[in-house]
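The values are calculated or read from the model by the stated rules, or taken from the named source; none is laboratory data. Everything numeric here is computed off the predicted structure, so don't read it as measured data. So basically every Cβ, Gly included, is an ideal-geometry build from the backbone, and we count neighbours across all protein chains shown.
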Amino acid sequence: MKTINTDIDGVVILEPTIIEDARGYFFESFSQKRFNKEVNETIFVQDNESASLYGVVRGLHFQKGEHSQAKLVRVVYGEVLDVAVDIRKSSPTFGKYVSVRLNDKNKRQFFIPHGFAHGFSVLSEKVIFQYKCDRYYCPESEGSIRWNDPDLNINWGIAPQNIILSEKDAISPFFKDNLRNLFD
């Protein structure tokens with residue numbers, strides 16, 4: 001596994017070593033020992049999976065306070081543009097984001113530490129998306145930022161008229177209106 005640091009400290013892309021032959025392929029998708037040594041000492045407690053169609057944008061979601069989650073995300077089938085936004089007020093990269101294409105060909109994973117909003121857009125016809133969390137989901141601690149926030153100016157790789165949102169994501173607060181919910 002190769003670790004690739006991004007422009008935001010702590011946000012890491014993981015690129016597996018894939019062994020291929022006439023039968024197919026094999027790769028180690030997760031090793032707690034290696035992850036703790038090479039990325040971040042994190043113990044994951046919950047795995048989630050979603051399926052979505054082209055044009056879906058999920059996010060930008062986060063958990064507040066003691067329920068903040070670190071995530072390790074990957075695509076099993078299809079392709080997404082995955083986005084992590086730094087929402088730590090005291091961070092030098094506050095309000096900045098990192099994006100990476102994850103798909104079933106490159107098998108990359110994306111580690112998003114505590115203090116980030118997360119979202120993705122579906123670039124393929126269909127996607128199966130998996131992620132690990134280090135804390136359990138708590139509905140009372142949920143927060144979100146509008147996908148098309150003008151201050152963040154994220155290019156989701158999809159024409160705006162083709163974007164499909166949940167009702168909740170369509171009315172999420174903008175970044176500047178959300179400051180009281182962000183991390184100190």
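Looking for whichever is acidic (Asp, Glu), modelled with pLDDT under 95 and on the phi < 0 side of the Ramachandran plot here; the options are 79, 66. Which one fits?
Just one listed residue meets the conditions, 66.
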All conditions in (1) of a type in the set (Asp, Glu); (2) assigned to a strand (DSSP E or B); (3) out of contact with any His (no Cβ under 9 Å at 6 or more places or on another chain) are true of residue 177 except (2)
Within region 164-182, how many residues are within 18 Å of the chain's Cα centre (by Cα), buried (at least 17 other Cβ atoms within 10 Å of the Cβ) and of a type outside the set (Phe, Trp, Tyr)?
-> 4
Output the strands (runs of 3 or more DSSP E) that fall wholly within region 1-73 and possess 3 or more residues being more than 18 Å from residue 107 (Cβ to Cβ), or say none.
-> 46-53, 57-63
Would you mind telling me which numbered condition in (1) among the basic types (Lys, Arg); (2) over 15 Å from the mean Cα position of the chain (by Cα); (3) closer than 20 Å to residue 3 by Cβ residue 88 fails?
-> (3)
Across (1) more than 22 Å from residue 68 (Cβ to Cβ); (2) touching a residue at least 24 places away in the same chain (Cβ under 8 Å); (3) not aliphatic (A, V, I, L, M), residue 120 clears everything bar (1)
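Somewhere in region 91-100, is a residue farther than 18 Å from residue 137 by Cβ, among the basic types (Lys, Arg) and surrounded by fewer than 19 Cβ atoms within 10 Å (Cβ to Cβ)?
Restricting attention to region 91-100, the residues satisfying the condition of being farther than 18 Å from residue 137 by Cβ are 91-100.
From the residues that got through so far, the ones that are among the basic types (Lys, Arg) too are 96.
Those still in the list that are surrounded by fewer than 19 Cβ atoms within 10 Å (Cβ to Cβ) too: 96.
Scanning region 91-100 turns up at least one residue that is farther than 18 Å from residue 137 by Cβ, among the basic types (Lys, Arg) and surrounded by fewer than 19 Cβ atoms within 10 Å (Cβ to Cβ).
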Please verify whether region 40-56 includes one or more residues that are surrounded by 13 or more Cβ atoms within 10 Å (Cβ to Cβ), out of contact with any helix residue (DSSP H, G or I) (no Cβ under 9 Å at 6 or more places or on another chain) and β-branched (Val, Ile, Thr).
-> yes
Give 132, 71, 107 a once-over and let me know the one that is among the charged types (D, E, K, R), at positive phi and buried (at least 16 other Cβ atoms within 10 Å of the Cβ).
-> 107
Scanning region 74-105 for residues that are basic (Lys, Arg) and part of a strand (DSSP E or B) gives 74, 88, 101
